[in-house]
Every structure is written in C-alpha cells, then in structure tokens.
Amino acid sequence: MKPFEPVIVAFCCHYCAYTAADMAGSQRLTYPPNVKIVRVPCSGKVDAIHILKAFEKGADGVYVAGCLTGDCHFKNGNTKAARRVAYVKKLLAEIGINPDRLEMFYMSAGMGEKFSQVASDMTEKIRELGPNLTPKATSQDDQKAVA
Amino acid sequence: MKTESVLEKVLASGKLAVTSECGPPRGAVPEKIKEKAELLRGYVDGVNVTDNQTAMVRMSSLAACIFIRQMGLHPILQVVTRDRNRLAMQSDILGAYAHGIDTMLCLSGDHPHFGDHPQAINVHDIDSIQFLQMVKTMRDEGKFQGGADIQNPPKMFIGGAANPFADPFELRVARLAKKAKAGADFVQTQCIYNLDKFEQWMQGVRDRGLHEQVHILAGVTPMKSAGMARYMKNKVPGMDVPDEVVDRMAGVPKEKQADEGIQICVETIQRLKEVPGVSGFHIMAIEWEQRVPEIVERSGLYPRPEL
Amino acid sequence: MITAERKPMEEIVASIQPFQRILLVGCNECVTVCAAGGRKEVGLLASALQLKFLKRGQTMDIKEITLERQCDPEYVEEVATMIDQVDAILSMACGCGVQEMARRYKNLPVLPAVNTKFMGASERQGVWAERCQGCGDCLLGLTGGVCPIARCSKRLLNGPCGGSTNGKCEISPDVDCVWQLIWDRLKSLGMEDRYEDIMPAKDWQTGRGGGPRKIIREDMAE
C-alpha cells in the first residue's frame, strides 16, 4: 500500500503570497510538491465555496495566504479572507471534518522562506491527520468527476 | 373613600402608612405564608403578596392573599401582566374581591429570562399603565375592559410601582404622572439607598403636585450583609446602591453586618420622614420578615393607628 | 426583510438521511439579503452536505436551483420539470416559501434548511435586527418611528419599565431599551409631550391573536 501523500490546495494572493512562492523558487528553497498553488488577485477573492469545493474534490488540507496585516493591496481583502476562513472552520467542524485542515497565513512578497516553511508545516500537519476522505470515497469522487 | 381598604383609611387620615411584603412558597405549603404574615400582625397596614416574583413559579398571589385575609390581616394582591391576559386578570380581581381583598398592585413583572421558566411566552396583553386604567374602570364605572357591566364591581384601592432610580431619570417623574392619570391611588417605590437621588425625584414630583394626586410609599430594604449590598449594586437592574452604603456594610465585622443593615434601614426611614410628600413606607425584608417589627418600632411607626 | 439562519448541519443531515436524490432550492429575495438561503448559500450547503456524505463513504445526488421567490406560485412552478428526478425537496427559503413548495408538490417531502427568525432590517453589513411583529395596526407614527411591540422585551406601550439601565434592557446589555430610543426620538422631534399620552390597551385581533390572517384585494382577486 502506498504511503499517504496529502493533497494541499493553497490559495495565494498575486501581490504577496504568490510572489513569495516565486521568491522561494529563485532562492532555491524547496517546498513539498503536495502543495498545489491557486493564484488569486487578492486573498479576499477566496470565498467559502472555493474552500469547500477544494475539500469536496479531494484536498486533504487547504490554506489561504494573503498579505501581512495592514498591507493588503486591496485595503482589507486579507481581513475579509480571515473572517471567511474562521467561518468555514466552524462549518467543517459541523460536518465532522477537523477544522485544523484549513488555515489562514500572512506573508509579504519577499518572504520566500516563510512561504516554504508554511508549505512544509502544513503538509506535515495534514500528513499526520491522514486523508480527509477515505480512499474509497475519493475514488467515487474521481469517477463522478470523470462522468 | 373609594374603598374599604385599611391602607386607604390610614393614608386619608394623614398618618404615615406602613406596608410590608411576603413571598409565597415554592410549593403548596400554606403554613409558610401564614408564618410570615403572622410576624407582621399589628405592625403594618397592609401586606404585599408577590406574584411569581423574579419570574419563578410560586404559590399564586391570589391563593396566598386568601390565606392571609382569613387570618384577619390585610393583604395587598400583586399582579403582573407578564403571566396573564386581561380576561384572567379581571377574573382574578373578581375572585380576590369576593374573598375580601380590597387592595392591589398593578405591575409589569420581571422578564422570564431571569426565572426558572425562560422558555415561557411572556403575555403582556396589556401593560401596567393600561392595567391601572382597567382596574379603575372596573371600580368607578362598574364595567369590564371589554365594556360589559360587572355585577358587584370590585372596589379596589389601586397601587403601582415607581422606580426613581431606573433610566432614563428625566422620564421618571413623567412616568409617575402617567400612572396617576391612569388611576393609581398609591405607589410603592423601589428600595431607596440613594437618598439624594430620591429627594431629587421628589422635588420633581412636588413641582407637579403629583404627591397630592397619588400617595407615595417610600420603599426600604434592610441589607443582611456586605455581599448582599454588592449584589444589589451590581446585579439588580434599576437598583441604585451608593458606594458609601456598601462601604459602611463592609466596614463592620461579618457577624455585625445584619444589625448594621437594620440600623441603616431605620436611619433611612427617619430621614425619609422629613421629605415632604412621602406618605408612608414599604418595608421589603425578603426572607427576613422577623426583623420588620423591630424596624417599625425603632422608626417610631409603632403602634399602627386604630381606625 | 424576513430573516433566517441555516439550521445546524446535524439537523439538516438527519432530515435528508432517508433520501437518495435531493432538490436544494434557494430563494433570491429575503434570505439572499440576510445570507441564509440565496444562490451562494445553496452552493455552500450542497458542497458541505456532499462532503459530509463523502466522509461516510456515501454520495448524495443534490440538484441545486435558486428561484426568484418561493412565496409565489409562478416561481414555485419552475421546478415542476425536476420533480420526478428527486425524492425530497430541501428548501432554503423562509417558512412561507417552504409551505408554498409543499402545497404545490404534494407528493414529495419538503424540508426546511433554515430557521425563519423575524421581520427585520440590516443595521450594517452582516447584522440584522428585529423591527416588526406584524401587529396589523401600525402605531409607528406615535412613537417617533420606533416600534415598542417588536423591540420592547415586554411589549410595553407605555414604557419604559423599572429595569431600563443606561439605555439597555434589563434582560441583556446587548439589547437596547426601545423606550429610551423612543424617548430620544420624541425629543429630537420636539414631541416630548406625547410621552404622557396614555396608549390604551391594544386590540390584538388585527395581529396573530385573531387567528391566521389573509388579505384579499377585490380588484385583483378573481
């Protein structure tokens, strides 16, 4: 049996978190391939449904990464994102999913190391938590997606 | 005279009236109410019987009043609009009068939130002011609220509550005016610790001549302990307990605090006697009725007038 | 608007448990404004329910649609073509909508996904507060536009009671004393002398006390 490799979806804002990911790349800092980055114009663009769909489609962990507090390029997109993440955490708990599978992070464009650290930490945390959906359930989902 | 009420007679005579209070038991235990009432015999002109006080179920005020009336004492029936609609209230008033109860208090009542049945709906078919109007119409016009005639209309001496310490203060005199206009013959105030504020309210009351339209019985409550003083200061809405009172209670060793509380109560009554417009006192010694005779005596209010 | 809040997930899951195919219907009016049952909330609930069932190793067939309103027969009719593909309807509309769906689709269980709360207004983004109880005989002209029936904990028409503290109701420091609000309004309108007018006992027949109510417009009803 294959060891469990978590699938992590990271919604990264274009101005900071995504650029930090680039920075990590140019600094030759590695981060786990488990993390799939989705670039958004602002973390505030991420809505509850995007997070839930990520889990529904098989993500074991999700995080939203935005600019540092007070530095959001769209003024307060990151605070809105944080409120939504808190809201979805409660919803996850209500449906029996560990709310620790979802997190909110803040970083600036130059923080390549932080990006890399967050990615690794999240991957390890989720690895320990195990798969979100049972393998049986995930394959059913794959079949649905194909159909 | 509008009624046969002893309280009305005492007030009409110009002498200071004294009333006190009994809370019915949380069960079908008539002895408890009889014991409390017996302690007050000869020391008061009327005994309030509370109605599901603090929204907790107790023996009905009406039933307890009947026991007290049968003892030859003079109960004051308290009725809150929280638990009964206008039919039930008029019905209870007829029943009370038929049992010889001739004095009552019309109140809104504490919200069920505070009590043992927060799930219950609060009725408030009418409010305390509409209630005063209704009872006055029953007495003076002999008509039910709906308009029909009453056989042998109840001649109730009608009271209300007044709270000079609730907010907004600027409305509290106007509120008394409304109650007077609605039909209150007397009011009993919330217990007084802040004498300055009370005197400020009384000034406003006198300026409008309200003390001549409605008799004002000043409420007093003896503190049992410094803890009670603090609780009343911080946890009871509409209560004003100045720091000096709390400090005075706390400044005395624990075993002496009860006596200090009685002393403060007596001093309060003495000071209130000097306030023009005060027609008497309402002594609320909840679960401490045995100290009421002492308070009445030490305040120079004993014996009660023979009328 | 009529406000509502989504029922706890446990309750919703338990109610749809016996079925395989659900039609999840939202409403584009009141419940959209209070973010309880509009298009977004339908999507969210469908996804959350799917996740819940996936975790159990099951799937649920959930069709999603949001109608303009569910309280008008013309809009309720729009899902008629989908009915034979589902076993139950889960409605995110207020109680009015749920009942109209049930009335039209007699052979299907119609389940509520939200708890309808009160008639209210938005105080600000994300905050809705009770304003009206439909007493049927509006007295707002007498109280400076502030309703004591909906907003006084004791429904006093001649308030405030003795529990009003610092402009707050005795039951909680989070609840405004509406009589303080009314008094402030009367002052700002120069209508203080209105305060001593006694408001007589209310005739509750125009409200719910008279039984379930109906309005008929003779010029419009056939």
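The values are calculated or read from the model by the stated rules, or taken from the named source; none is laboratory data. This structure is a prediction, so every number in the text was calculated from the model and none was measured. As a convention, Cβ positions derive from the backbone with ideal geometry for all residues, glycine included, and neighbour counts pool all protein chains shown.
Only one of B:Asp125, B:Asp196 is outside any strand (DSSP E or B) and free of Cβ contacts under 8 Å to residues at least 40 places away in the same chain; which? Just a single option satisfies the conditions, and that option is B:Asp196.
A single member of C:Met220, C:Met199 is aliphatic (A, V, I, L, M) and more than 13 Å from chain B (Cβ to nearest Cβ), and it is C:Met220. Entry remark, segment C:155-211: residues being free of Cβ contacts under 8 Å to residues at least 24 places away in the same chain, in contact with a helix residue (DSSP H, G or I) (Cβ under 7 Å, 6 or more places away or on another chain) and of a type in the set (Lys, Arg) number 1 in total. For the structure I just gave you, tell me whether B:Lys143 is basic (Lys, Arg) and surrounded by fewer than 17 Cβ atoms within 10 Å (Cβ to Cβ). Answer is yes for this residue. The single condition from (1) of a type in the set (S, T, N, Q); (2) touching a residue at least 60 places away in the same chain (Cβ under 8 Å); (3) within 14 Å of chain A (Cβ to nearest Cβ) that C:Ser47 fails is (2). The conditions of being in contact with a Leu (Cβ under 9 Å, 6 or more places away or on another chain), modelled with pLDDT under 95 and part of a loop (DSSP other than H, G, I, E, B) are not met by C:Gly163. Within segment B:211-222, none of the residues are closer than 30 Å to B:Gln263 by Cα, free of Cβ contacts under 8 Å to residues at least 12 places away in the same chain and more than 14 Å from chain C (Cβ to nearest Cβ). Would it be correct to say that C:Ile171 is among the β-branched types (Val, Ile, Thr), surrounded by 14 or more Cβ atoms within 10 Å (Cβ to Cβ) and assigned to a loop (DSSP other than H, G, I, E, B)? Here the answer is yes, as C:Ile171 does meet what is asked.
So which residues in segment B:159-193 are more than 7 Å from chain C (Cβ to nearest Cβ), farther than 19 Å from B:Arg139 by Cα and assigned to a strand (DSSP E or B), if there are any at all? Selection gives B:Ala162, B:Gln188, B:Thr189, B:Cys191.
Screening A:Ile49 on (1) of a type in the set (Val, Ile, Thr); (2) more than 21 Å from A:Arg101 (Cβ to Cβ); (3) in contact with a Leu (Cβ under 8 Å, 6 or more places away or on another chain) shows it passes everything except condition (2). When segment B:175-213 is filtered for residues that are more than 20 Å from B:Met232 (Cβ to Cβ) and in contact with a Phe, Trp or Tyr (Cβ under 6 Å, 6 or more places away or on another chain), only B:Asp185 remains. The helices (runs of 4 or more DSSP H) found wholly in segment C:14-127 and carrying at least 2 residues that are closer than 30 Å to A:Pro131 by Cβ occupy C:39-55. For segment A:12-44, filtering for residues that are basic (Lys, Arg) and out of contact with any Phe, Trp or Tyr (no Cβ under 8 Å at 6 or more places or on another chain) leaves 2. Filtering segment C:149-156 for residues that are part of a helix (DSSP H, G or I), under 24 Å from B:Gln130 (Cα atoms) and at the interface with chain B (Cβ under 9 Å from one of its Cβ atoms) leaves an empty set. Quick one: how many residues across segment B:132-174 are among the β-branched types (Val, Ile, Thr) and closer than 12 Å to B:Lys2 by Cα? Matching residues across segment B:132-174 total 1.
Considering (1) surrounded by fewer than 23 Cβ atoms within 10 Å (Cβ to Cβ); (2) closer than 16 Å to A:Ile95 by Cα; (3) among the aliphatic types (A, V, I, L, M), the lone condition that A:Leu52 does not fulfil carries the number (1). Return a yes/no flag: does segment B:214-234 have any residue that is of a type in the set (Phe, Trp, Tyr) and touching a strand residue (DSSP E or B) at 6+ places or on another chain (Cβ under 7 Å). Within segment B:214-234 (the criterion being of a type in the set (Phe, Trp, Tyr) and touching a strand residue (DSSP E or B) at 6+ places or on another chain (Cβ under 7 Å)), the answer is no, since none of the residues qualifies. Set side by side, the residues C:Arg6, C:Arg21, C:Arg56 differ, and just one is within 13 Å of chain A (Cβ to nearest Cβ), among the basic types (Lys, Arg) and surrounded by fewer than 21 Cβ atoms within 10 Å (Cβ to Cβ), which is C:Arg56. Among the helices (runs of 4 or more DSSP H) confined to segment A:26-141, the ones with at least 3 residues that are within 14 Å of another protein chain (Cβ to nearest Cβ) are located at A:48-56, A:77-94.
Considering only residues that are loosely packed, with under 15 Cβ neighbours inside 10 Å and not basic (Lys, Arg), look in segment B:250-285 and name the one that is farthest from B:Met228 (Cα to Cα). Selected residue: B:Pro276.
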